[in-house]
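Take a look at the structure set out below.
The values are calculated or read from the model by the stated rules, or taken from the named source; none is laboratory data. On a predicted model such as this, the values are computed, not experimentally measured, just so you know. Heads up, the Cβs are rebuilt from the backbone with ideal geometry, glycines too, and the neighbour counts pull from every protein chain shown.
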Amino acid sequence: MQISKEGLALIKKFEGFESRAYLCPAGVWTIGYGHTKDVKEGDEWSQAHAEHMLEIELEEFCEYVNKMVKVPLEQYQFDALVAWVYNLGAGNFKESTLLRVLNQGDYDDVPHQIKRWNKAGGRVLQGLVRRREAEALLFQNKEWEHV
């Protein structure tokens, strides 16, 4: 599966576009739409470059979900999981209770598991609370845009 326009919209809404490298709340240099690989202080990107990099990276993150999830997914469920993994990384996904309960077929517990991941630097962040709520709603095929 590949991410849909809906999943892309969620990622873009919560990542936002930043043309200059900045330190995120977790202390990681970030640029574009949440890009972190090889970013250093002083980096600058155009929006077109950020869009291109997001497209390339999402291929990788879709592949993580495709390989690690062993149960069937609807497109909206896949989109929510890719958004979550894009924000938190494949390592966190691989070791998560979220993936374990999903692969056991417990789809109903997944929204709760998504929402548990709302901290950065050991603190609950309202932006992450909102993002996890949106991802949980999307996983359930519910309206998330106004979160």
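Can you tell me which residue is nearest to residue 82 (Cα to Cα) among those in segment 97-147 that are touching a residue at least 60 places away in the same chain (Cβ under 8 Å), buried (at least 20 other Cβ atoms within 10 Å of the Cβ) and touching a Phe, Trp or Tyr at 6+ places or on another chain (Cβ under 6 Å)? If we take residues in segment 97-147 being touching a residue at least 60 places away in the same chain (Cβ under 8 Å), buried (at least 20 other Cβ atoms within 10 Å of the Cβ) and touching a Phe, Trp or Tyr at 6+ places or on another chain (Cβ under 6 Å), then 135 is nearest to residue 82 (Cα to Cα).
Output yes when any residue across segment 64-80 is within 14 Å of the chain's Cα centre (by Cα), surrounded by fewer than 19 Cβ atoms within 10 Å (Cβ to Cβ) and outside any loop (DSSP other than H, G, I, E, B), and no when none is. Yes, the conditions are met somewhere in segment 64-80. Can you name the residue in segment 28-44 that is closer than 29 Å to residue 67 by Cβ and of a type outside the set (Val, Ile, Thr) and is also modelled with the lowest pLDDT among such residues? Here the residue is 37.
State whether the residues of segment 9-23 include one that is more than 23 Å from residue 144 (Cα to Cα), outside any loop (DSSP other than H, G, I, E, B), in contact with an Asp or Glu (Cβ under 7 Å, 6 or more places away or on another chain) and among the polar types (S, T, N, Q). Yes, that holds for at least one residue.
Looking across segment 1-53, the residues that are farther than 16 Å from residue 83 by Cβ and acidic (Asp, Glu) come down to 18, 38, 41, 43, 44, 51. Among residues of segment 1-47 being of a type in the set (A, V, I, L, M, F, W, C) and farther than 30 Å from residue 141 by Cα, the one that is surrounded by the most Cβ atoms within 10 Å (Cβ to Cβ) is 45. Scanning segment 8-29 for any residue that is farther than 23 Å from residue 120 by Cα and not polar (S, T, N, Q) turns up nothing.
Here is the figure for segment 24-63: residues that are of a type outside the set (S, T, N, Q) and either in a helix (DSSP H, G or I) or touching a Cys at 6+ places or on another chain (Cβ under 7 Å) (or both) total 16. Filtered by the rule that a residue be touching a helix residue (DSSP H, G or I) at 6+ places or on another chain (Cβ under 9 Å) and not in a helix (DSSP H, G or I), segment 107-124 gives 116, 117, 118, 119, 120.
The residue that is modelled with the highest pLDDT, among those in segment 125-143 that are part of a loop (DSSP other than H, G, I, E, B) and farther than 21 Å from residue 65 by Cα, is 143. Contact map, segment 71-86: residues that are hydroxyl-bearing (Ser, Thr, Tyr) paired with residues that are in a helix (DSSP H, G or I), Cβ distance under 6 Å, separation 6+ or inter-chain. Pairs shown: 76/138; 86/11; 86/61.
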